[in-house]
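Read the structure below first, then the notes.
The values are calculated or read from the model by the stated rules, or taken from the named source; none is laboratory data. This one's a predicted model, so the numbers in the text were calculated from it and none came from an experiment. All Cβ positions, glycine included, derive from the backbone under ideal geometry; neighbour counts span all protein chains shown. Surface accessibility is based on the protein's heavy atoms, side chains included, excluding ligands, DNA and RNA. Shrake-Rupley method; radii C 1.70, N 1.55, O 1.52, S 1.80 Å.
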Amino acid sequence: MLRRILLGAVILLSITTNAQQNDAKMNAFINNLMSKMTVDEKIGQLNLPTPGGGIATGAVVNTDVETKIREGKVGGMFGVIGVDNIRRVQELAITTSRLKIPLFFGSDVIHGYKTTWPIPLGLSCSWDIPMIERSARVAANEATADGLCWVFSPMVDIARDPRWGRVAEGSGEDTYLGSQISAAMVRGYQGKNLAADTTAMACVKHFALYGAAEGGRDYNTVDMSRLAMYEYYLPPYKAAIDAGSGSVMTSFNVIDGIPATGNKWLLTDLLRKQWSFKGFVVTDYTAINEMVEHGMGDLQAVSALALNAGTDMDMVGEGFLTTLKKSLQQGKVTQKQIDDACRRILEAKYKLGLFDDPYRYCNPTRAKNEVMSADKRAASRYFGAHAAVLLKNSNQTLPLKRSGTIALIGPLANNKSNMLGTWAVSGDAQTSIPVFEGMKNVGGNGVTVLYSKGANITDDTTLAKKVNVFGEKVDVGPGTPEQLLNDAVATANRADVIVAVVGEASEMSGEAASRTDITIPQSQKNLLEALAKIGKPLVIVVMSGRPLILNRETEIASSLLQVWHPGHEAGNAIADVLFGDYNPSGKLTMSFPRDVGQIPVYYNHKNTGRPQSTTSEWDKFRSNYLDVPNSPLYPFGYGLSYTNFSYGDIKLSKNQMRSTEKITASVTVTNTGNYDGEEVVQLYIVDPVASIAQPVKKLKGFQKIFLKKGESRQVNFTIGKEELSFYNSDLKWIVEPGDFEVQIGTNSNEVKEAAFKLVK
Ligand code: BGC
């Protein structure tokens with residue numbers, strides 16, 4: 001035993017010494033380099049321009065970038081895509097700038113790079129943490145094969161408002177699950193060694209609270225208590241920092257009245273001092289300049305504000321480049337602040353191995369073999385099937401039989417342009433697999449698949465124009481809406497079962513794509529009504545970047561499958577699920593409202609002093625609405641399978657524990673249906689009495705298990721102090737003795753319950 005402890009200590013010591021030696025080596029290298037740098041060159045390292053080749057998300061793109069690179073006025077680039085282009089730009093920096101400092105190259109690698117898979121909200125519905133980590137690994141692999149070494153991901157903004165288009169990019173409403181996903185993605189991108197040529201530096205965003213924009217309107221004001229920040233919104237960012245994220249991106253919103261990019265409490269006190277973040281902070285797109293509109297002063301003032309707050313790198317706006325020297329001369333910023341920011345950028349380059357070899361990520365052979373390779377497409381198909389959530393399945397309409405005739409109907413049924421979803425800036429939608437093709441591939445020769453478009457995604461030409469800003473996502477015709485509808489009805493009449501693929505175009509969610517009406521557009525509602533009237537089994541497949549309101553669809557569908565925007569292998573992945581080659585296992589990570597007026601609707605809300613009674617849907621002087629129930633249509637954690645799972649009662653290892661002890665909560669889950677399948681077993685904790693009013697429940701654990709039909713498994717959760725703690729009004733993470741309730745179940749609403757006591 002003693003020998004083992006000694007051996008452990010020696011290993012730990014040698015790891016620490018190695019790390020210290022590496023740091024010392026890096027510091028010596030950077031000290032030496034910085035001793036040769038002029039103030040202009042140091043400020044140059046803080047500049048992150050984009051030449052505007054990709055999709056610019058603001059009005060501004062940079063000009064004269066080449067001259068700036070020659071003059072040492074650029075630290076890194078984003079929006080340069082392709083290994084040859086990146087090599088050319090790197091060569092320019094290495095061969096023409098005075099100190100030959102390499103650039104780093106970043107991009108929005110959000111749900112894949114060129115090969116794309118489900119939008120992050122979809123991926124989160126898999127609750128499959130190892131798979132999500134693998135998705136980041138695959139993305140890093142492909143992106144680095146094409147010259148990139150920095151990804152603007154993970155996006156970990158907790159979001160409760162599906163009107164906000166950017167819910168598509170995150171992992172939904174829950175802090176615990178969101179934190180697990182956040183850390184997994186950082187691990188996936190960065191691997192164990194940032195300097196490896198297959199790993200990329202992560203950039204957790206948007207720090208912070210961006211998901212709480214008022215009214216779900218993008219870029220809007222955020223106002224919340226510190227308690228809400230600590231309890232609900234901050235942990236996923238912290239999880240990314242703890243997992244070693246090399247960089248952090250600021251958000252556009254204000255926090256306590258000060259924009260995040262100029263918020264010293266956020267970027268210095270919290271991020272650096274409390275959380276010990278060692279990497280660098282980059283702004284979001286022109287976020288420094290936008291502080292002028294926020295009312296924080298002119299460009300020089302806001303640039304100084306940003307540096308003083310702890311921002312290191314300026315994305316696109318060039319406020320640092322054009323004003324920091326003047327601010328230095330006027331004593332508004334210090335040389336040390338500029339040096340610290342510059343050092344952090346150089347450290348990132350050092351850690352990425354760029355000083356050893358600036359062309360480390362520029363390997364055309366890798367680009368040729370690894371970009372859009374067959375294994376990546378296979379991964380995309382796998383992820384696509386795992387993101388699907390089965391919302392309804394009456395009469396076992398699904399899985400479909402591989403015989404007879406299927407009428408495949410809808411504007412998204414034979415469509416390539418919308419399969420990748422939002423934030424697929426490097427992906428080519430035309431290389432995606434539409435559902436029609438996937439159904440034929442997977443269905444085989446025994447089944448006839450007929451197709452008819454049935455409706456335009458929308459007949460609202462004003463909306464279509466806005467959605468089509470980056471290319472045609474809403475295509476019109478052929479023929480009038482009436483002709484499309486008639487053809488669909490005629491086609492459906494010839495089939496045994498109807499599969500309607502409907503929903504949102506990819507650009508109806510994502511950045512600057514907020515909606516107040518989050519239902520399926522009217523043109524498609526008309527189509528669904530006409531199909532429902534036919535009276536044949538109707539499977540509705542919903543593609544969207546956000547939770548939609550699906551009341552009527554739930555009523556008329558025999559089966560309802562939510563598939564998000566699934567990415568390159570959309571058609572194959574959806575067909576795998578529809579034909580039962582993959583038994584769906586996704587569970588919602590955002591509640592689906594019944595009505596837009598309920599928003600925000602989320603499972604871990606507080607109780608109020610007049611909670612809705614459990615026995616009636618409405619009572620006078622209770623916290624409810626006159627016109628709709630409080631509950632969502634589909635709750636957090638909800639999702640069906642082709643098989644059924646039954647839950648036994650919860651067994652606790654004891655009924656009382658001390659805070660130094662742990663309790664095991666066990667439940668036996670049985671697959672009682674006719675298919676093998678996976679189930680996400682969810683653990684919730686209820687703390688009914690505390691010094692701070694607690695949410696009605698909090699997710700504190702989950703396990704995704706596979707059970708063959710007829711198989712039973714005991715699932716165990718360990719509950720300790722960590723699971724029972726909360727932030728008090730001093731923002732201390734504490735645990736208070738008292739009664740607790742344990743809930744285990746198939747979603748946040750259907751659970752078994754048990755109780756125990758925590759004693760001093
Ligand atoms: C978005 C970021 C993105 C950046 C660079 C901004 O508009 O908010 O998420 O990383 O653009 O493309």
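A few notes on this one:
- In the range 502-531, residue surrounded by the fewest Cβ atoms within 10 Å (Cβ to Cβ) [restricted to those that are outside any loop (DSSP other than H, G, I, E, B) and in contact with a strand residue (DSSP E or B) (Cβ under 8 Å, 6 or more places away or on another chain)]: 528
- Some residue of the range 631-638 being among the hydrophobic types (A, V, I, L, M, F, W, C), closer than 28 Å to residue 170 by Cα and not assigned by TED's automatic domain parsing to the domain that holds residue 706: yes
- Some residue of the range 161-169 being in contact (Cβ under 8 Å) with a residue 60 or more places away in the chain, in contact with a Cys (Cβ under 8 Å, 6 or more places away or on another chain) and either outside any loop (DSSP other than H, G, I, E, B) or among the small types (Gly, Ala, Ser) (or both): no
- Filter result (of a type in the set (D, E, K, R), part of a helix (DSSP H, G or I) and open to solvent by less than 10 Å² (accessible area, probe 1.4 Å)) within the range 127-160: 142
- Per the listing 620, 533, the residue uniquely over 25 Å from the mean Cα position of the chain (by Cα), among the basic types (Lys, Arg) and in the same structural domain as residue 409 (by TED's automatic domain parsing) is 533.
- Among residues of the range 129-173, those that are within 16 Å of the ligand (Cβ to nearest atom), within 15 Å of residue 564 (Cβ to Cβ) and more than 11 Å from the chain's Cα centre (by Cα), counted: 1
- Of the residues making up the range 421-436, those that are open to solvent by less than 20 Å² (accessible area, probe 1.4 Å) and more than 16 Å from the ligand (Cβ to nearest atom) are 429, 432, 434, 435.
- Scan the range 232-264 for residues that are in contact with a strand residue (DSSP E or B) (Cβ under 8 Å, 6 or more places away or on another chain) and among the hydrophobic types (A, V, I, L, M, F, W, C) and the total you get is 6.
- Per-region count, the range 242-264, residues under 27 Å from residue 605 (Cβ atoms) and of a type in the set (A, V, I, L, M, F, W, C): 4
- Answer residue from the range 653-711, given it is open to solvent by less than 70 Å² (accessible area, probe 1.4 Å) and hydroxyl-bearing (Ser, Thr, Tyr) and is nearest to residue 637 (Cα to Cα) among those: 684
- Criterion: under 27 Å from residue 386 (Cα atoms) and assigned by TED's automatic domain parsing to the domain that holds residue 739 - qualifying residue of 676, 649, 687: 676
- Complete set of residues in the range 209-244 that are within 16 Å of the ligand (Cβ to nearest atom), free of Cβ contacts under 8 Å to residues at least 60 places away in the same chain and open to solvent by less than 20 Å² (accessible area, probe 1.4 Å): 209, 210, 211, 213, 222
- Residue pairs whose Cβ atoms lie under 7 Å apart, sitting 6 or more positions apart in sequence or on different chains, and linking a residue in the range 108-120 that is closer than 10 Å to residue 155 by Cα to a partner that is polar (S, T, N, Q) and more than 13 Å from the ligand (Cβ to nearest atom), are 120/171.
- Residue match in the range 191-204 (condition: assigned to a helix (DSSP H, G or I), over 17 Å from the mean Cα position of the chain (by Cα) and away from the ligand (no atom under 16 Å from the Cβ)): no
- Criterion: assigned by TED's automatic domain parsing to the domain that holds residue 465 and under 21 Å from residue 448 (Cα atoms) - qualifying residue of 488, 512: 488
- Contact map, the range 456-475: residues that are assigned by TED's automatic domain parsing to the domain that holds residue 522 paired with residues that are polar (S, T, N, Q) and in a helix (DSSP H, G or I), Cβ distance under 6 Å, separation 6+ or inter-chain. Pairs shown: 456/523; 458/523; 459/523; 473/506.
- Here residue 173 meets each of (1) in contact with a strand residue (DSSP E or B) (Cβ under 7 Å, 6 or more places away or on another chain); (2) surrounded by 22 or more Cβ atoms within 10 Å (Cβ to Cβ) with one exception, condition (1).
- Any chance residue 38 is over 30 Å from residue 573 (Cα atoms), open to solvent by 50 Å² or more (accessible area, probe 1.4 Å) and either touching a Gly at 6+ places or on another chain (Cβ under 7 Å) or modelled with pLDDT of 95 or more (or both): yes
- Criterion (on the phi > 0 side of the Ramachandran plot and in contact (Cβ under 8 Å) with a residue 40 or more places away in the chain) met by exactly one of 427, 421: 421
- Within the range 324-363, the set of residues being more than 26 Å from residue 148 (Cα to Cα), part of a helix (DSSP H, G or I) and basic (Lys, Arg) comprises 325, 326, 336.
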